[in-house]
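J.: One structure follows; several queries about it will come next.
FYI, it's all coordinate maths here, none of it is from the lab. Since the model is a prediction, treat every value here as computed from it, not as a measurement. Here the Cβ positions follow ideal geometry from the backbone for every residue, glycine too, while neighbour counts run over all protein chains shown.
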Amino acid sequence: MEKRPIDKKRDSAGTFTLQTNGDDTGISEMFTLNDGLLLATGKGLYEVQTADQVDPKRSNPNIPHNLQRRVLSLGTESELVGRTLLTAKGLFVESYLPPAVDVKKAMSLTFEVLKDLVAMETGADDFESTEQKEIEKMKSHSPNPTSFALPAIPDVEVRCKTFFQKADHVEQALWDIIRLFFPVLHGKCHFDNLLEFVEKEYGSADAFTKFIQEALPFLKMVRNIRDCLDHRNAKGVTITNFVMQPDGAVTRPAILVTFRDTKLSKTELGNLLPAVVKSMLNVFDTMIAFLCAKNPNVSSKLPIEVDFVPEGKRRNKFVQYSFGIVFNGEFQPLG
């Protein structure tokens, strides 16, 4: 059957230029994500679609050969991208893992984690900026012995609730990734179950077990704060705005937690929020490294393992874990 003009156009080879809106760092990574293509530059992530994805029936010859959209204004130069998406790309490799592990799903969940971490970091940065503006405004006012305008962040509770909802989303996506490797773990996100399973499977002295033991209080704290802020009847989290103390000092917005098995003394939100982002990032890349290390493809002909990559051997400075082989007593990362 003779091809139609639109078929010839769609089937022909071609090139395209990534419209990066001032981003001149160039394409450095390519991902297959959700049956689509994701391109990464140093400063951005771009989703690319073909004309056939938009118009599968090939009814409109005027559809451009490709369409591109910037999905994140962070790229391979970002620690968040490096320790999530780039790390996952190097670890979630079909040939290195058992066939039962759905690596496409794992990559898709990792991208969800990245987007929520970006939202958390943005929220933490915006909180810090707003807080600092209020403090500077207070300092600029002339002293008045009869009246004083306290600085304030009127939506501090909403900001806090939104932040911990995103943090909980990260935990849930991480749990879904864990269940891809350990499908015997049924039910909703419950890291106590993971600890119990890992202790039974590998022993209490195993590094994976010890890691989960150390991470568990933090993971519980995130879940408990989110639960308490989400349910009006749950008491145990107190959020304060700027407050003047009896000695005249003004304290910054803070949170106090006494809920379930989480006890957090009064802590300034300006310090806590970025610390939560950092801790969540530490948990994520270390967790997926252990998952891959504990689930190697036994049919692989190479004696591969997962290990920490020294800075001098990293392809990207933020990718800390990789599959590799030990050669002459030294770990050599693959890929």
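J.: Straight-line reach from LYS57: which aspartates and glutamates have Cα under 12 Å away, leaving out those fewer than 8 places along the same chain?
T.: ASP7
J.: Also: Taking Rh as the Kirkwood radius computed over C-alpha pairs, what is the Stokes-Einstein D of segment 1-123 at 10 °C in a medium of viscosity 1.306 mPa s, expressed in µm² per second? Before the final figure, lay out the partial values.
T.: Working: Rh = 16.2 Å.
My calculation gives 98 µm²/s for D.
J.: On a 0 to 90° scale, report how tilted helix 191-202 is relative to the longest principal axis of the chain, with both axes built from alpha carbons and the result rounded to the nearest 10.
T.: Orientation of helix 191-202: about 60 degrees from the principal axis.
J.: What angle, in degrees between 0 and 90 and rounded to the nearest 10, separates the Cα long axis of helix 156-181 from the longest principal axis of the Cα atoms of the chain?
T.: Between helix and principal axis, roughly 40 degrees.
J.: So what's the back-of-envelope 222 nm ellipticity for the chain, counting only DSSP H runs of four-plus at -39500 (n - 2.57) apiece and dividing by all residues, rounded to 500? Mind dumping the intermediate values first?
T.: Numbers: 8 runs with 141 residues, N = 335.
It lands at -14000 deg cm²/dmol.
J.: Quick check: the distance between the Cα centres of segment 228-282 and segment 310-335, to the nearest angstrom?
T.: So the two Cα centres are separated by 39 Å.
J.: A further question on this structure: For the ranges 41-54, 114-127, 93-106, what's the packing order if you count other beta-carbon atoms within 10 Å of each residue, average per peptide, and put the highest first? Kindly include the intermediate steps, with their values, before the conclusion.
T.: On the way: 41-54: 17.9, 114-127: 19.6, 93-106: 15.6.
In descending order of packing, they fall as 114-127, 41-54, 93-106.
J.: Count of lysine pairs in segment 264-331 with Cα atoms under 28 Å apart, counting only pairs 8 or more residues apart in sequence or on different chains? Present the calculation step by step, with values, prior to reporting the outcome.
T.: Numbers: LYS266/LYS278; LYS278/LYS294; LYS278/LYS313; LYS278/LYS317; LYS294/LYS313; LYS294/LYS317; LYS301/LYS313.
Step by step, the pairs that qualify in segment 264-331 add up to 7.
J.: Here's a follow-up. So what is the relative contact order of segment 197-299, in percent, for Cα pairs below 8 Å that sit 6 or more residues apart?
T.: Details: 84 pairs, mean separation 17.1, N = 103.
RCO, segment 197-299: 17 percent.
J.: Sort ASP206, ASP307 so the one with the fewest other Cβ atoms within 10 Å of its own Cβ comes first. Intermediate values should be presented prior to the final figure.
T.: Numbers: ASP206 15, ASP307 18.
In increasing order of surrounding Cβ atoms, one gets ASP206, ASP307.
J.: Now, a different point. Could you work out the relative contact order of segment 221-261? I mean the mean sequence separation of Cα pairs under 8 Å and 6+ apart, divided by the number of residues, in percent. Spell out each step's value before the answer.
T.: Values: 46 pairs, mean separation 15.7, N = 41.
So the answer I get is 38 percent.
J.: Angle between the Cα long axis of helix 269-293 and the longest principal axis of the chain, 0 to 90 degrees, nearest 10?
T.: 30
J.: Evaluate Rg over Rh across the chain, taking Cα atoms for both radii and Kirkwood's formula for Rh.
T.: On the way: Rg = 24.3 Å, Rh = 23.1 Å.
A ratio of 1.05.
J.: Relative contact order for segment 5-72: what is it in percent, counting Cα pairs under 8 Å that are at least 6 residues apart?
T.: On the way: 85 pairs, mean separation 19.5, N = 68.
Contact order relative to length: 29 percent.
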